[in-house]
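S.K.: Submitted below is the structure of interest, expressed as structure tokens.
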Amino acid sequence: MKSKTALMLFSILSVSLVGGLLFQLYSLLSSDNMTSAQLLLTAATVVVMVILIPVLLNLRKDVKAGIPHDDELSKKVKMFAAGYAYFSSLIIWLVLFAFHSYLQKDDLLMVGLAFMILSFGINWLFVRRKGFQ
Amino acid sequence: MITRMKELRAIRKLTQADLAKRVNVRRETIVFLEKGEYNPSLKLAAKIAKQLESRIEDVFIFDEEELIE
């Protein structure tokens with residue numbers, strides 16, 4: 001994928017994600033009292049924005065400098081991280097299903113998906129730091 | 001694997017960013033390669049060797065033991 005296309009796709013995804021979170025937050029905040037869900041969503045929105053803004057700025061800088069956003073090493077890192085994340089996700093889903101009677105179906109799916117994303121992120125950082133021998 | 005990339009790059013007065021741009025990779029990839037934490041593909045090794053005006057085996061040096069294993 002070309003850097004410009006990646007920047008465009010990433011920008012659209014970021015705007016959609018932040019927009020969706022803000023919309024959810026607005027509908028939750030229109031109710032009277034502050035619940036834990038509102039607090040969680042506010043925190044999630046802030047975290048997502050704090051992570052996305054530097055990533056977008058870096059990507060834009062790379063596009064301007066003509067540096068590829070994806071090269072041999074970054075592709076390999078993603079591939080390995082995805083492999084590790086797959087196995088950790090299997091374990092996470094097994095654990096979640098063991099606790100299925102304590103959680104509602106929607107919550108179970110949300111927690112499972114959130115853990116999958118988190119597991120990919122952690123594995124990506126781990127593989128990137130470790131390098132390849 | 002031992003790499004002489006840093007030494008050869010210094011001789012040709014190239015920065016990591018310059019070399020990265022010439023071989024079309026990110027600067028982090030050059031950092032990993034110089035630290036010996038990443039074994040490049042044959043294609044990338046050839047590109048780097050060409051930019052450093054050297055042969056692949058002069059840039060990336062393997063121990064005899066590593067090659068036998």
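The values are calculated or read from the model by the stated rules, or taken from the named source; none is laboratory data. Being a predicted model, the structure only gives us computed values, none of them experimental. Here the Cβ positions follow ideal geometry from the backbone for every residue, glycine too, while neighbour counts run over all protein chains shown. The accessibility values were calculated without ligands, DNA or RNA, using every heavy atom of the protein model including side chains. Shrake-Rupley method; radii C 1.70, N 1.55, O 1.52, S 1.80 Å.
S.K.: Once you treat every alpha carbon in the stretch A:71-133 as an equal point and sum by Debye, what is log10 I(q)/I(0) at q = 0.16, 0.20, 0.23, 0.27 Å⁻¹?
M.R.: -0.55, -0.73, -0.86, -1.04
S.K.: Note down the nm distance, to one decimal, between modelled labels 7 Å out along Cα→Cβ at A:V15 and at B:K43.
M.R.: 3.4 nm
S.K.: Obtain the nm distance between the two label points defined at A:V111 and A:Q24 by a simple spin-label model: each point lies 7 Å from its Cα along the Cα-to-C-beta direction.
M.R.: Simple spin-label model gives 1.6 nm for this pair.
S.K.: Based on the Cα coordinates of the stretch A:1-70, what is the per residue volume of their convex hull in Å³?
M.R.: 73 Å³
S.K.: Among the residues of the stretch B:13-29, which ones have their accessible area go down by 10 Å² or more when all the protein chains sit together, as opposed to their chain alone (1.4 Å probe)?
M.R.: Buried-area filter returns B:K21, B:N24, B:V25, B:R26, B:E28, B:T29.
S.K.: In sequence order, what are the phi-derived ³J(HN,Hα) couplings for the stretch B:48-59 according to the Karplus relation 6.51 cos²θ - 1.76 cosθ + 1.60 with θ = phi - 60°, rounded to whole Hz, with x for glycine and proline?
M.R.: 5, 4, 5, 5, 8, 6, 9, 8, 3, 5, 8, 8
S.K.: Determine the per residue accessible area of chain A with all protein chains present and a 1.4 angstrom probe, expressed in square angstrom.
M.R.: 74 Å²
S.K.: Relative to the isolated chain, which residues of the stretch A:84-133 have their accessible area cut by 40 Å² or more in the presence of all protein chains (1.4 Å probe, heavy atoms, no ligands or nucleic acids)?
M.R.: With the partner chains in place, the stretch A:84-133 has these residues losing at least 40 Å²: A:R128, A:F132, A:Q133.
S.K.: To one decimal place, what Kirkwood hydrodynamic radius in Å is obtained for chain B from all pairs of distinct Cα atoms?
M.R.: When all Cα pairs of chain B are included, the Kirkwood radius is 12.0 Å.
S.K.: A follow-up question, please. Normalised by the residues of chain A, what does the relative contact order come to in percent, with Cα pairs under 8 Å and at least six apart?
M.R.: It rounds to 27 percent for chain A.
S.K.: What distance in nm separates the simple spin-label points at B:A10 and A:I91, each placed 7 Å from Cα in the Cβ direction?
M.R.: Once both label points are built, they end up 4.3 nm from each other.
S.K.: In the protein assembly as shown, what percent of the accessible surface is made up of carbon and sulfur (1.4 Å probe, ligands and nucleic acids excluded)?
M.R.: That fraction is 67 percent.
S.K.: Once amide H atoms are built 1.01 Å from N in the peptide plane, which residues 5 or more positions from A:H69, or in another chain, come under 5 Å H to H?
M.R.: Here the answer is A:S3, since their amide H atoms fall under 5 Å of that of A:H69.
S.K.: Okay, moving on. Between chains A and B, what is the buried accessible area summed over both chains (1.4 Å probe, protein heavy atoms, nearest 100 Å²)?
M.R.: Approximately 1300 Å² gets buried when A meets B.
S.K.: Full-extension gain between A:M8 and A:K64, please, as 0.36 nm times their residue separation minus the C-alpha to C-alpha distance.
M.R.: 18.8 nm
S.K.: Next question, about the same structure. Using a 1.4 angstrom probe on protein heavy atoms only, which residues from the stretch A:43-70 are buried by at least 10 Å² of accessible area when all chains are present rather than their own chain alone?
M.R.: A:D62, A:A65, A:G66, A:I67, A:P68, A:H69
S.K.: Turning to a different aspect of this structure: What are the ³J(HN,Hα) couplings of the stretch A:104-116, residue after residue, when phi is run through the Karplus curve with 6.51, -1.76, 1.60 and θ = phi - 60°? Round to Hz, x for glycine and proline.
M.R.: 7, 4, 4, 5, 4, 5, 4, 5, x, 5, 4, 5, 4
S.K.: How big is the protein assembly as shown by Rg and Dmax over its Cα atoms, in Å?
M.R.: Calculated on Cα positions, Rg and Dmax stand at 22.4, 73 Å.
S.K.: Taking amide H positions as placed 1.01 Å from N in the peptide plane, with prolines and chain starts having none, which residues 5 or more places from B:N24, or on another chain, fall under 5 Å of its amide H?
M.R.: Placed amide hydrogens put nothing under 5 Å from B:N24.
S.K.: Hey, can you rank B:34-43, A:39-48, A:66-75 by average C-beta count inside 10 Å, highest first?
M.R.: A:66-75, B:34-43, A:39-48
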